[in-house]
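Trainee: Have a look at this one.
The values are calculated or read from the model by the stated rules, or taken from the named source; none is laboratory data. In this text the structure is predicted, and so the values were computed from the model without any measurement. So basically every Cβ, Gly included, is an ideal-geometry build from the backbone, and we count neighbours across all protein chains shown. Remember, those area values only see protein heavy atoms, side chains included, never the ligands or the DNA or RNA. Shrake-Rupley method; radii C 1.70, N 1.55, O 1.52, S 1.80 Å.
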Amino acid sequence: MSYNNTTSNKTTRNTTNKKKKKYVRDKTVRKRAVKRLATSSLSANIGKYAVMVFSIVLTTVLFSSLFTIVGSIISELTQSSMGEYNYLDPVAMMVCAIATLIFMISGYLIIYNIFDLNIISDMKEFGLLKTIGTSEKQIRTMIKMRSRRLSLIAIPIGLAIGCGIAGWFLPTIGNFINTTGVDKGKVHMNIWIIIVTVIFAYMTVAISARKPCRKASKMSPVEASRFTGFLRKNGKPRKKTFVVVMSLTLSFVLLNSAYTIMDSFNLEESAENFVVSDFCVQDSLLDNAGASDKNLSAVGEDFFAELEKQDGVEAVGNMYVTYENHKFSPEVWDEIEDYFFSDEVVKMTIESFYTDEGYSINNYLSDMRSSRSIEGNTYGMGQLAVEKMEDVQTMDGGDSIDWNKFNSGKYVIAERWQYASDGFLSIVCPGDKVEIGGREYTVYASVDIPMEVEYPVYKAIECNFILPEDEYLKIYGKCDPMRTLIDVEDDKETAFESWISSYLKGSNLNYTSKQSVIEDNKAFGNLFALGGIFVAVILGIIGVMNFANTMIASIIARNRELAMLEAVGMTPKQQKHSLMKEGFRYFTITSVLTVILSTIASVTGVHTFIENLPMFSWNFSLTALAVVLPVVGLMVMIVPALAYNKISKKTVVERLRVE
């Protein structure tokens, strides 16, 4: 009995193993069959799938160019001395996130539409496969495999083109980055740029293919074998109005936004905000935040000797700087602790920049209390430079500096501590006594030094003072200025700029003037315009492709219907007019929606963005739409007519025989 049971168990195990092997073998065969069907369809319909490849290439180009530019800029900043701050501008990050979202939406619209149209044309093939036993899962696998194969071809092409476009933009962008690396303005390619681009591009393809894939797999064999397109209740083909209109609208809204930004340049006004004197001369690396080797005594005697020979010079003001610890008396320090260090903004700054796990804010304040000193700059300034100070509050209650009083050798000016673009606190107040270079001075006024001329290296908390030029040189010894401000007679500015531009060429000095700022801002504006137009053109191509594909697919799906109408007396001219009216309907909806959304985008997002750029002054404009929409209107009339001409080459009888 035991022997019989053992034999029975062995037989059962053998049978089970054979079934498992057969199942695995059958599964492998099915996989190979599905793979063969997917690849054979691609090779047999190269023309049809070339449009899909092109759409994926366009989407990848958008991602690749964006991520390559952003990655190269971050790499450049990290390699420079700015990298130690690990700072990323929240506004820039938000712009990149919005751009990524727009690219994904636009890519989805075109890829989904083309996938859907291709699925419709392949639906009879899927119906035949289902009649011979192909499962829903195998149909889905086949479609996904096709999308992966197409992505494998298109994504590397788009990646290469996008990197090339980024390489074309980066030298211009590099002019506005304050770094000094040898690779400034070049592509900093790394594996993460490639990985992120591939992930976003493939995600867009996968999401776009999901719904058409589900449609194909859910349809019954009988429905699929007779399928000519998704129909409405009245028996006519279902239109893709939303996809086509949104695709066109998105590109036009972006184009109008780019034009609005370009049109909002106010070069004259912005130049006034970027200069405090007619000309300002300094070391060429002084205002480069990424440079560590700054010459703080760059304006030498040779320059001043030549400057004296020039006509029309009204005033000259020098600026000097020394970085040191400013020590305070016990009485003044108590006031600083009570007023300044007790402020919540100051405490938050200390916690962010000066504390760590073993060093608390109390430890920091205790050390500061022991030393009674704060780091900061001591400036020496001539009269012209002092006259350029802003938000003056003197000990006498005045709002302007009395140069003769300030230059008496008894006074110093204190700069307010700035914690935000419009947030200031005074560390010391007018009337306080402070010690600089072993000498005691009275704080004559509190001021703000214009950003355009101050020393562009900052500590999170610093206390800066200003001495008259002669007093500064008495304490720190004779030295050359950090900057020299120059005012020139209005009718002599052009000649003076010609001289100073020629004289400083090839030297370690540079200058800023109203005209030089205008030129810089113009280049900055051109960069914005080029980027916006580049993206708008690609999105425009995507929108036009969506429209053309949808109209052509609709006409092909209605081929039999159109033939029947012609057979009962409707002329080809009437049919063509009917199709052109359909195209005009798309145009009308797109135009109305584009004007509405462009207006909303301009007065909200574009307006807010422009407000943060000092070289811009927002102007509402729909000029770009007035130029583009008539051209698109002509195109939407022509495409249906061309598509109809192609199908009408066959006779009515031939078209009626098509099932």
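Trainee: For segment 375-401, enumerate the residues that are more than 41 Å from the chain's Cα centre (by Cα) and more than 24 Å from Asp422 (Cβ to Cβ).
Mentor: Gly382, Gln383, Met395, Asp396
Trainee: While we're on this one: Among the candidates Cys463, Cys429, single out the residue that is closer than 29 Å to Glu331 by Cα and touching a His at 6+ places or on another chain (Cβ under 9 Å).
Mentor: None of the other options fit; the residue is Cys463.
Trainee: Of the residues Asp402, Asp396, which single one is of a type in the set (Asp, Glu), more than 20 Å from Ile336 (Cβ to Cβ) and either open to solvent by less than 10 Å² (accessible area, probe 1.4 Å) or modelled with pLDDT of 90 or more (or both)?
Mentor: Matching residue, one of Asp402, Asp396: Asp402.
Trainee: All but one of (1) out of contact with any Cys (no Cβ under 8 Å at 6 or more places or on another chain); (2) part of a helix (DSSP H, G or I); (3) within 24 Å of Tyr458 (Cα to Cα) hold for Val392; state the number of the condition that does not hold.
Mentor: (2) is the only condition that Val392 fails.
Trainee: Being modelled with pLDDT under 90 and either in a helix (DSSP H, G or I) or open to solvent by less than 20 Å² (accessible area, probe 1.4 Å) (or both), is that true of even one residue in segment 292-300?
Mentor: For segment 292-300, residues modelled with pLDDT under 90 and either in a helix (DSSP H, G or I) or open to solvent by less than 20 Å² (accessible area, probe 1.4 Å) (or both): absent.
Trainee: Now, a different point. How many residues, within segment 463-495, are in contact (Cβ under 8 Å) with a residue 24 or more places away in the chain and either part of a strand (DSSP E or B) or open to solvent by less than 50 Å² (accessible area, probe 1.4 Å) (or both)?
Mentor: Final tally of qualifying residues: 20.
Trainee: Determine which member of the set Gly382, Gly437 is in contact with a helix residue (DSSP H, G or I) (Cβ under 7 Å, 6 or more places away or on another chain), under 27 Å from Pro481 (Cβ atoms), at pLDDT below 90 and not β-branched (Val, Ile, Thr).
Mentor: It is Gly437.
Trainee: To continue, here is another question. Report, by residue number, each residue of segment 410-429 that is crowded, with 19+ Cβ neighbours inside 10 Å, of a type outside the set (Val, Ile, Thr) and farther than 24 Å from Ile350 by Cβ.
Mentor: Within segment 410-429, just Tyr411 meets the criteria.
Trainee: If you take just the strands (runs of 3 or more DSSP E) that sit entirely in segment 402-458, which of them hold at least 1 residues that are without any contact (Cβ under 8 Å) to a residue 24 or more places away in the chain and small (Gly, Ala, Ser)?
Mentor: Fully inside segment 402-458 and qualifying: 417-420.
Trainee: Let me ask another. Would you point out the residue of segment 325-369, among those that are more than 18 Å from Phe465 (Cβ to Cβ) and small (Gly, Ala, Ser), that is surrounded by the most Cβ atoms within 10 Å (Cβ to Cβ)?
Mentor: Once the filter is applied, the top-ranked residue is Ser360.
Trainee: Then there's this: Got a sec? Which of Arg238, Arg210, Arg148, Arg214 is open to solvent by 50 Å² or more (accessible area, probe 1.4 Å) and at pLDDT below 75?
Mentor: One residue alone meets the criteria, Arg238.
Trainee: Something else about it: Please pick out the residue among Glu272, Glu268, Glu308 that is at pLDDT 90 or above, of a type in the set (Asp, Glu) and open to solvent by 30 Å² or more (accessible area, probe 1.4 Å).
Mentor: Unique residue meeting the criteria: Glu308.
Trainee: If you don't mind, there's one more thing I want to ask. Name every residue in segment 380-392 that is surrounded by fewer than 16 Cβ atoms within 10 Å (Cβ to Cβ) and either on the phi < 0 side of the Ramachandran plot or in contact with a Pro (Cβ under 7 Å, 6 or more places away or on another chain) (or both), in order of residue number.
Mentor: Within segment 380-392, just Glu390 meets the criteria.
Trainee: Here is a follow-up. Among the listed residues Val316, Val332, Val299, Val281, which satisfies the condition of being of a type in the set (A, V, I, L, M) and within 37 Å of the chain's Cα centre (by Cα)?
Mentor: When all the criteria are applied, what remains is Val281.
A quick yes/no check of all residues on (1) at pLDDT 75 or above; (2) open to solvent by 70 Å² or more (accessible area, probe 1.4 Å); (3) touching a strand residue (DSSP E or B) at 6+ places or on another chain (Cβ under 7 Å):
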{"position": "Ser602", "(1), (2), (3)": "yes, no, no"}
{"position": "Leu613", "(1), (2), (3)": "no, no, no"}
{"position": "Thr623", "(1), (2), (3)": "yes, no, no"}
{"position": "Leu629", "(1), (2), (3)": "yes, no, no"}
{"position": "Val636", "(1), (2), (3)": "yes, no, no"}
{"position": "Ala641", "(1), (2), (3)": "yes, no, no"}
{"position": "Tyr644", "(1), (2), (3)": "yes, no, no"}
{"position": "Val653", "(1), (2), (3)": "no, yes, no"}
{"position": "Glu659", "(1), (2), (3)": "no, yes, no"}
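Trainee: Is there a residue in segment 315-324 that is over 30 Å from Val488 (Cβ atoms) and either polar (S, T, N, Q) or open to solvent by 20 Å² or more (accessible area, probe 1.4 Å) (or both)?
Mentor: Yes, segment 315-324 contains a residue that is over 30 Å from Val488 (Cβ atoms) and either polar (S, T, N, Q) or open to solvent by 20 Å² or more (accessible area, probe 1.4 Å) (or both).
Trainee: Quick one: is Lys505 without any contact (Cβ under 8 Å) to a residue 40 or more places away in the chain, under 23 Å from Trp403 (Cβ atoms) and surrounded by fewer than 20 Cβ atoms within 10 Å (Cβ to Cβ)?
Mentor: no
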